[in-house]
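Here is the structure we will look at, set down as structure tokens.
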Amino acid sequence: MDEDKPARVAVTVTVNGRRLSAELEPRTTLADFLRVDLGLTGTHLGCEHGVCGACTVLLDGRAVRSCIMLAVQAAGHEVTTIEALANEGELHPLQQAFVDKHGLQCGFCTPGFIMAAAELLERDPDPTEQALLETLGGQVCRCTGYEAIIESVRDAAEKLRQQGVGPLELLAAALEKNAAPGGGE
Amino acid sequence: MSGSIPNSLEELPVSEIRWIGKGVERLEDPSLVTGRTEFIDNVVLPGMLHCAILRSPYAHARIVSIDSSAAEEMEGVYAVITGSDAARLTNPATTAPEGWGGYCLAHEKTRFVGEPVVAVAATNRYLAEDALELIIVEYEELPVVANAQAALAADAALLFEEHGSNVMLQRKFTWGEVDEAFDQADLVVSDDYRWNRLGANPMETFGCVVDWNPADDMLTCRGSFQSQSHMGLARSLVLGLPSNQVRMISHPHGGSFGGKGGFRGVDICALLSKAASGRPVKWMEDRLEYLLAGAGQSWDREYRLQLALKKDGTVTGLRVKLLDDMGGTAEAFGAVSAAKPLAAFTGCYAIQAAEYDLTLVATNKIPQSPYRGMGPPPHNWVLEQTMDKAARELGLDPAEIRRRNYIPADAFPYTIASGNEYDSGNYEAALDELLNMADYERLCAERDSAQAEGRLLGLGLANTIEPGVFDWNAYAIVGLESTGVPEGITVAIDVMGRITARLGFSLEGQGQYTLVAQVLADYFAVTPADVSIVYQDSLSAPPHFGPGGSRLGVAITGAALGAARLLERKLARVAAVLLQCGPDDVELMDGFLRVRAMPEARMHFAEVAGAMLARSDLLPEDSDPQPQATYVWTAPGRTPADEQGRAKSYLTAANACHLVKVEVDRDTGTVDILGYWLVDDCGTRLNPVTVEGQTMGGIAQGVGAALLEEYVYDESAQPLTSSFMDYLLPSVYEVPRVEKKALTTPSPFTPLGAKGCGEGAMHTTPAAIMCAINDALSPLGLSAREVPASPRRLWKLLHENAD
């Protein structure tokens, strides 16, 4: 019987600043690992074939689609999800901008948009229209018609520039604190 | 009970309105942007199993045999069920029209590709899908009915043999002297049109977690239910349970747009749970299942539209002939989309003679479901495009022919030919505002010079009605004949003076909880953040329906105001005892119950509520000590449909006027939207930011409808659009930036004068874009009469028909 069961493999991965080990079936997607095994349900699944971008998370700071990536591929890497962004109840500037500019309605695609935008603004704090469209063009929203999302990302970019900090830089301190022994998750 | 609702902001018991009508920040948002909202796929229950569904690979086939023994023996599999279990334990689906439904799992034969045939419950989804691989189903293929025309053929195979035909419904409705109008017309304009299947595609697919407790026979269904009570009643009929043993718990959903179905999924999970001794069973539809056979396909239509006109452009008669391909069954209530155009059949125009010749047929495609707009968007398109054709033949500008046919501003309330009553409007004002805003004259000059250079540049003008606040009577012609759709809210004050509103619908994106908080905050002079909104399940909440038919904003405003007014009266009675005066001498103002003649003698509502909760012994004996009240709002004055389908159905009629500038690329057939302007009027805007959000979302879906989205089937009814690489959703690249203005003509019939506006631009955008494309093509003598106007279609039109 045992040989019929898919073999499990050990995976060590850093998620939101915390190092974790798990034994997984190799076929487990990164999204299912985050959502089911770790309970990080803020990463949403919209299409499970890599088109809609709802499941976007960051892998070593780069946006990836966790629905078409296997958890084992994340071994040895750092994964950042939407849960890492707010700090002690205070919204991240990107999250606040989506609230302020009505950049969401049902909110299902929003974590993916925010993670994709976080990667863009870390790399390019003052993106051109073209750069913005290229990033947001990889994400699908069915509610907003996009205009308000574009405004949200612009607004966040401006606030972050004023603070002189990148969207991921801002996470570093909070993540370090979480990763410390006794830190909250 | 409508007399108890304040009808205007002036009647609210505050000296200053601080929240209603403002772009108040949404209470829903912090939870959503942090990923904390509990969508159904987040739900995990102890002992929960996961369902996977084996689906028919054939559009029409007899099921010869099913061998699921290997799956049943697989470790981790707890239950396997088939159509014979469904036929033994359940009733066929409730449908409209009646009698066109099957069981949740195909019994004896399958009627469309993707129809569920066998379902498995296992300890996780991976294993459940593994188990499907072990199931062997033998099919015998049957002749396929691939489209609506084929369904009508004399020798067509039958979807439901017992009906002897594939025609689900065929009726002709005549309103006014239609033949006379056409006999006496100076000009008759006619065209044929084709609107292809498209659908909702919310970013979250449908999901549910169902448990059927064998101990007390209680069925608990958690899921992304758009209308939990409606869904629960249908489950009780299908599963043969008393209605009070079906408890529906609706989770916030990631979009809906009418297409949040899942009837079969819930019934399948119920049967699996029963088979697995009551363990909860989760089914999360994946996107491939959604695209293949989910509740996401709507409006598969062939139209012929005729207008009778006088020389001056006055339209005197309208004939609409519709053939709609409903797919394999009527289980998903897609037929309501063919009925709803009655609510605004003649659009913005005063056309008193009209005819609707309607044929709904069954084919071997996926059953149709509702989608945002529920049917009028294609109807509006064919009407508006034919108006343009008439304008061209008469040498009139599109704006002018519309202006000559508008229902005049002083004619409201106005009863249209198909029976519905429009509450209010000023269509000419909207048109003028739009033409000014866009500088229409300059645009026309630009278009003319571009066309003179051979560029395919065009302008499209379209104006439409959005029927708001639906009533069942609007769908009487397809078999849903009741009248009245309730929405209830309970408002309670706790011992700390905080306000909680309890209601029976979950969030799907329109910001309804925020709206309830806005209304109550202004009533009791607190802030929206001081108000908690608590969702209640179908057996706990006051009578409710939830979102649908552009109703909820109006309905919950009425319910919240009504409950607040009743609560105010209760508080006043108690305050009168405490302040030692008569109950009629007390009024609420700025959060205080005060003695009218002596306003300094007052108590804050929190004190009064506290006294009620703590010292009911001090209250008069017959008084209710609970500082809470429930009000159930229902649209007033709705009438049952007559034999021609005429009824006062939708309560409000919002209007919008859109103008689009497009350019068609001759070499590729692609359409670029170069400019977009609109003016709309949905009465009082209770939260202008969320109203605008609805408008923009409707534009995006309208762009998708006009240019991109289509479910394609081959000649054997095999679906060819099975992923988002084939079914194209609009992205940030396709949706234009829009210049917008709002007019405000309040509804005389609704609390605070608001009109339904959730479908918004979806009613208008497809028509406006198609009118613009046709304006661009008109110098070539070509017309695009099929939606979506995809590059392939336009290229073929340009290169196979032009010189």
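If you plug the beta carbon distance of B:Lys172 and B:Ser482 into 1/(1 + (r/R0)^6) with R0 = 35 Å, you get a FRET efficiency near 0.90. Mean projection of the Cα convex hull over all viewing directions, computed for the stretch B:292-378: 5.8 nm². Separation of the stretch B:735-803 from the stretch A:32-107 is 35 Å, based on Cα centroids. Measuring how big the protein assembly as shown is from its alpha-carbon positions, Rg and Dmax come out at 28.7, 92 Å.
Largest first, the extents of the alpha carbon coordinates of the stretch A:93-171 on the three principal axes equal 32, 23, 17 Å. In percent, rounded to a whole number, the relative contact order of the stretch B:353-468 is 19, using alpha-carbon pairs under 8 Å and six or more apart.
With +1 on each Lys and Arg Cβ and -1 on each Asp and Glu Cβ, how big is the dipole of the stretch B:33-155 about its Cα centre, in debye rounded to the nearest 20? List each step's numbers first, then the result.
Values: 7 positive and 17 negative charges, 87 e Å.
It comes to approximately 420 debye.
Taking each of B:Lys172/B:Lys648; B:Lys648/B:Lys755; B:Lys310/B:Lys755; B:Lys172/B:Lys340 in turn, the alpha-carbon distance tops 24 angstrom for B:Lys310/B:Lys755. In sequence order, the stretch B:323-340 has phi-based couplings of 10, 10, 8, 7, x, x, 8, 10, 5, 9, 6, x, 5, 4, 5, 7, 8, 4 Hz under the Karplus curve 6.51 cos²θ - 1.76 cosθ + 1.60, θ = phi - 60°, and Gly or Pro positions carry x. With a Förster radius of 25 Å, plug the Cβ-Cβ distance of B:Leu9 and B:Ser31 into 1/(1 + (r/R0)^6) and report the FRET value to the nearest 0.05. Efficiency, from the Cβ-Cβ distance: 0.25.
Neighbour counts of other Cβ atoms within 10 Å put B:Glu115, A:Glu23, B:Glu453, B:Glu568 in the fewest-to-most order B:Glu453, A:Glu23, B:Glu568, B:Glu115. Look at the dipole of the stretch B:386-428 built from charges on Cβ: of B:Ile416, B:Tyr427, B:Ala399, the Cα furthest out on the positive end belongs to B:Ala399.
At a 10 angstrom cut-off on C-beta neighbours, averaged per residue, how do the peptides B:758-767, A:84-93, B:162-171 rank from highest to lowest?
Numbers: B:758-767: 31.0, A:84-93: 17.6, B:162-171: 15.2.
Per-residue Cβ counts within 10 Å, averaged per peptide and sorted highest first, yield B:758-767, A:84-93, B:162-171.
The slack between B:Leu187 and B:Tyr414, meaning 0.36 nm per residue of separation minus the straight C-alpha distance, is 79.1 nm. Just checking the listed ones, A:Gly50, A:Gly137, A:Gly112: in the Gaussian network model of chain A with Cα springs under 10 Å, the one fluctuating most is A:Gly137.
Contact order, relative form, for the stretch A:93-171: 50 percent (alpha carbon pairs under 8 Å, 6 or more residues apart, mean separation divided by residue count).
Counting Lys and Arg as +1 and Asp and Glu as -1, each charge on the Cβ, what is the dipole of the protein assembly as shown about the Cα centre in debye, to the nearest 20?
Details: 80 positive and 132 negative charges, 215 e Å.
That gives a dipole near 1040 debye.
Once backbone amide H atoms are built at 1.01 Å from N, B:Leu539 has B:Met248 as its partners under 5 Å, excluding neighbours fewer than 5 places away on the same chain. Working note: 222 nm ellipticity from helices only, DSSP H runs with n ≥ 4, each -39,500 (n - 2.57), summed and divided by the residues of chain B, gives -8000 deg cm²/dmol to the nearest 500. In this Cβ point-charge picture (+1 for Lys and Arg, -1 for Asp and Glu), chain B has a dipole of about 960 debye about its Cα centre. To the nearest ten degrees, helix A:110-123 and the longest principal axis of the Cα atoms of chain A are 70 degrees apart.
Whole number please: convex hull volume per residue, Cα atoms of chain A, in Å³. About 118 Å³ per residue, rounded to a whole number. Couplings 3J(HN,Hα) for the stretch B:27-34, derived from phi with the Karplus relation 6.51 cos²θ - 1.76 cosθ + 1.60 (θ = phi - 60°), are 5, 6, 5, x, 5, 6, 6, 9 Hz, where x marks Gly and Pro. Divide by every residue of chain A the summed helix terms, -39500 (n - 2.57) for each DSSP H run of at least 4, and state the resulting mean residue ellipticity at 222 nm, rounded to the nearest 500 deg cm²/dmol. Helices in chain A give a 222 nm mean residue ellipticity of -9500 deg cm²/dmol.
For a 4.7 Å threshold on C-beta separation, the list of partnerless cysteines in chain B reads B:Cys51, B:Cys104, B:Cys208, B:Cys221, B:Cys269, B:Cys348, B:Cys444, B:Cys581, B:Cys657, B:Cys771. Distance between the modelled labels on A:Val9 and B:Glu161, one decimal in nanometres: 5.3 nm (7 Å Cα→Cβ projection).
Relative to its residue count, the stretch B:506-603 spans a Cα convex hull of 113 Å³ per residue.
Between the listed residues B:Thr630, B:Val738, B:Ala438, the Cα displaced farthest toward the positive end of the dipole of chain B, a dipole computed from Cβ unit charges relative to the Cα centre, is found at B:Thr630.
Coupling constants for the stretch B:694-707 follow from the phi torsions by the Karplus curve (6.51 cos²θ - 1.76 cosθ + 1.60, θ = phi - 60°), and in residue order they are 5, 4, 5, x, x, 4, 4, 5, x, 5, x, 5, 6, 10 Hz; glycine and proline get x. Computed from Cα positions, the angle between helix A:147-163 and the longest principal axis of chain A comes to roughly 90 degrees.
Distances between placed amide hydrogens fall under 5 Å for B:Ala653 paired with B:Asp423, B:Ser424, B:Gly468, all partners being 5 or more residues away or on another chain.
Amide H to amide H distances under 5 Å link B:Ala601 with B:Val595, where only residues 5 or more positions off or on other chains count and H is placed in the peptide plane. When the Cα gyration tensor is reduced to axis lengths a ≥ b ≥ c, the ratio a/c is 1.5 or higher for chain B, and with a/b not above b/c it is classed as oblate. Averaged over the residues of B:121-127, the number of partner chain Cβ atoms lying within 10 Å of the residue Cβ comes to 2.
Could you tell me the relative contact order of chain B? Use alpha-carbon pairs under 8 Å, at least six residues apart, and round to a whole percent. If you can, show how the numbers build up before the last one.
Working: 2033 pairs, mean separation 133.0, N = 803.
Contact order relative to length: 17 percent.
Where a number appears in this text, it was derived from the coordinates with a stated rule and is not lab data. No experiment lies behind these values; they were computed from the predicted model shown. Using ideal geometry, Cβ is built from the backbone for each residue, glycine included, and neighbour counts are taken over all protein chains shown.
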